[in-house]
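Reading through the structure tokens given below for one structure.
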Amino acid sequence: AFEMPPHPQMALVQSVLVRSLVSRFWEAPYRSSLVRWGTDLYDRFLLPWYVRSDIDGVVADLLDHGYEFDRSWLDPFMEFRFPLIGETVVDGVELELRRAIEPWHVLGEQVSGSGTARYVDSSVERLQVRADNFNPERHIITCNGVPLPLQPTDRPGVSVAGVRFKAWAPWSSLHPSIEAHGPLVLDVIDRWSERSRGGCRYSVTHPGGLSYESFPVNAVEAESRRSNRFFRHGHTPGRVDVAALDELAAALPREYARTLDLRKHAEIT
């Protein structure tokens with residue numbers, strides 16, 4: 001979350017953080033046992049909620065050791081790396097969508113016009129869905145018809161989940177037979193009425209199917225483009241089979257408990 005800061009003041013804060021950590025461990029080396037996170041490294045720590053929680057722990061440790069480091073200094077890094085996509089309220093449930101981290105895979109060697117190259121698959125993206133006032137006994141939140149594996153956080157009433165999806169279909173990618181999943185449609189399903197109470201829609205690219213002819217001139221235009229691809233409508237109409245959704249949720253892989261990988265549900269999406 002702190003690579004290549006786009007502003008000199010952010011680079012200065014990054015340097016202060018690194019120098020503070022070096023000084024802290026020089027004075028008091030870490031001698032406790034390390035934690036083996038396993039698949040949480042590709043699940044929990046790719047979502048902005050848990051990255052922020054981890055940063056809070058680092059800042060608290062610095063303060064405990066006498067380093068006057070202000071937590072608010074790192075807020076620009078969070079907003080830059082995890083920009084807000086959009087938010088809405090459906091049936092009392094507050095939904096927030098933010099970009100998350102998705103590592104890119106390096107493919108095998110291929111012959112190109114200038115020789116041999118190893119392409120990077122940048123077609124897969126990830127976002128975080130945060131649900132406030134979410135009650136799983138009353139609601140089911142789905143993305144493109146698949147239940148989200150929302151996990152409760154340390155804040156009461158707040159649950160988060162990640163959605164991994166194929167944003168676009170380049171000619172060379174890790175899974176060339178899987179089509180792009182956009183637009184992403186999120187529904188808040190009411191268990192009692194077995195219908196969607198509403199939702200939102202996020203278009204990964206231009207909603208009109210066009211391509212932008214130029215790069216954004218500044219951060220304001222970039223944020224405007226992103227917000228224009230989020231719509232507070234577009235939910236799935238008609239009756240929903242709640243029992244089938246519960247069976248599908250029970251069959252979701254538990255290896256990545258907080259992430260829904262839409263590539264594994266291509267026949268549904």
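The values are calculated or read from the model by the stated rules, or taken from the named source; none is laboratory data. Small disclaimer: the values here were computed from a predicted structure and weren't measured. Reconstructed Cβ throughout: ideal geometry from the backbone, glycine too, with neighbour counts over all protein chains shown. Side chains are part of the model used for accessible areas, which takes the heavy atoms of the whole protein and leaves out ligands, DNA and RNA. Shrake-Rupley method; radii C 1.70, N 1.55, O 1.52, S 1.80 Å.
Points to keep in mind about this one:
- Annotation: amide H-H contacts under 5 Å for V90 (H modelled 1.01 Å from N, sequence separation of 5 or more, or interchain): L95.
- Heavy-atom accessible surface of segment 112-269, averaged per residue, reaches 54 Å², computed with a 1.4 Å probe.
- Oblate is the label for segment 54-201. Its Cα gyration tensor axes, ordered a ≥ b ≥ c, give a/c of at least 1.5 and b/c at or above a/b.
- Label-point separation in nm, F25 to W171, each point 7 Å along Cα→Cβ: 4.5
- The simple spin-label model puts a point 7 Å past each Cα toward its Cβ; for T236 and V217 those points are separated by 4.2 nm.
- For S114 and W37, the difference between the fully extended length at 0.36 nm per residue and the C-alpha to C-alpha distance is 23.6 nm.
- Cα gyration tensor, segment 230-269 - rounded (a/c under 1.5), prolate or oblate: oblate
- Approximating the spin labels as points 7 Å out from Cα along Cα→Cβ, the D64-to-E247 distance works out to 4.9 nm.
- Of [x] 45, 21, 17; [y] 33, 26, 20; [z] 34, 32, 17, the label for semi-axes √(5λ) of the Cα gyration tensor in Å derived from the coordinates: [y]
- Summing charges over all other residues whose Cβ lies under 13 Å from the Cβ of Y67, with Lys and Arg as +1 and Asp and Glu as -1, gives -2.
- Accessible area per residue, Å², segment 22-98 with all protein chains present, probe 1.4 Å: 60
- Per-atom-type breakdown for the chain gives carbon and sulfur 54% of the accessible area (1.4 Å probe, protein chains only).
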